[in-house]
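*Asks:* Dropping a structure here in structure tokens format, bear with me for questions.
The values are calculated or read from the model by the stated rules, or taken from the named source; none is laboratory data. Since the structure is predicted, the reported quantities are computational estimates derived from the model, not experimental observations. As a convention, Cβ positions derive from the backbone with ideal geometry for all residues, glycine included, and neighbour counts pool all protein chains shown. The protein model used for the area step is the full one, side chains on, heavy atoms only, and it has no ligands, DNA or RNA in it. Shrake-Rupley method; radii C 1.70, N 1.55, O 1.52, S 1.80 Å.
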Amino acid sequence: METIAVVVNGDSMWPTLNDGDTITVLPYRGQELKLDDLLVFTDPRDSSRICIKRLKRIESGGLFVEGDNPDPTASTDSHNYGLIVEQSIIGIKR
């Protein structure tokens with residue numbers, strides 16, 4: 001089975017993931033998304049950056065994602081940049 005290795009950069013997903021951890025995700029090919037999936041996607045503000053966030057809501061206009069860190073200032077996520085589009089998803093981890 002094909003997987004993608006992604007290195008975590010930063011503390012937005014702490015305590016689930018730590019800075020420097022490597023996770024493997026399945027390439028996204030239109031699989032059904034489920035709440036609490038970890039999504040790897042291109043940053044909606046800078047397509048050269050990759051983000052890892054948790055799927056919290058599926059809305060008609062896109063996907064609401066947020067970091068796991070309980071400190072609200074520790075994660076730049078849908079609270080800052082709004083919904084992401086499904087086409088930006090690179091991989092998922094359940």
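*Asks:* Mind checking which residues of segment 1-17 are buried (at least 17 other Cβ atoms within 10 Å of the Cβ) and assigned to a strand (DSSP E or B)?
*Replies:* Matches in segment 1-17: 6 only.
*Asks:* Hey, any hits in segment 56-70 for a residue that's part of a loop (DSSP other than H, G, I, E, B), surrounded by 15 or more Cβ atoms within 10 Å (Cβ to Cβ) and charged (D, E, K, R)?
*Replies:* The answer is yes; a qualifying residue exists.
*Asks:* Considering segment 49-90 alone, what residues qualify as being within 19 Å of residue 19 (Cα to Cα) and either touching a residue at least 40 places away in the same chain (Cβ under 8 Å) or among the polar types (S, T, N, Q) (or both)?
*Replies:* Of everything in segment 49-90, those that are within 19 Å of residue 19 (Cα to Cα) and either touching a residue at least 40 places away in the same chain (Cβ under 8 Å) or among the polar types (S, T, N, Q) (or both) turn out to be 50, 52, 53, 54, 67, 68, 69, 73, 74, 75, 76, 77.
*Asks:* Here is a further query. Just need a number here: residues in segment 44-60 that are of a type in the set (D, E, K, R) and under 9 Å from the mean Cα position of the chain (by Cα).
*Replies:* Residues meeting the conditions: 2.
*Asks:* Tell me, which residue of segment 71-94 that is part of a helix (DSSP H, G or I) and open to solvent by 40 Å² or more (accessible area, probe 1.4 Å) is farthest from residue 34 (Cα to Cα)?
*Replies:* Narrowing segment 71-94 to residues part of a helix (DSSP H, G or I): 78-81, 86-88.
Next cut, open to solvent by 40 Å² or more (accessible area, probe 1.4 Å) only: 79-80, 86-87.
On the way: 79: 20, 80: 22, 86: 13, 87: 16 Å.
Only one residue fits best here, namely 80.
*Asks:* Ok, one more. What number of residues within segment 18-48 are in contact (Cβ under 8 Å) with a residue 60 or more places away in the chain and either in contact with a Phe, Trp or Tyr (Cβ under 7 Å, 6 or more places away or on another chain) or surrounded by 15 or more Cβ atoms within 10 Å (Cβ to Cβ) (or both)?
*Replies:* Adding up the residues that qualify gives 4.
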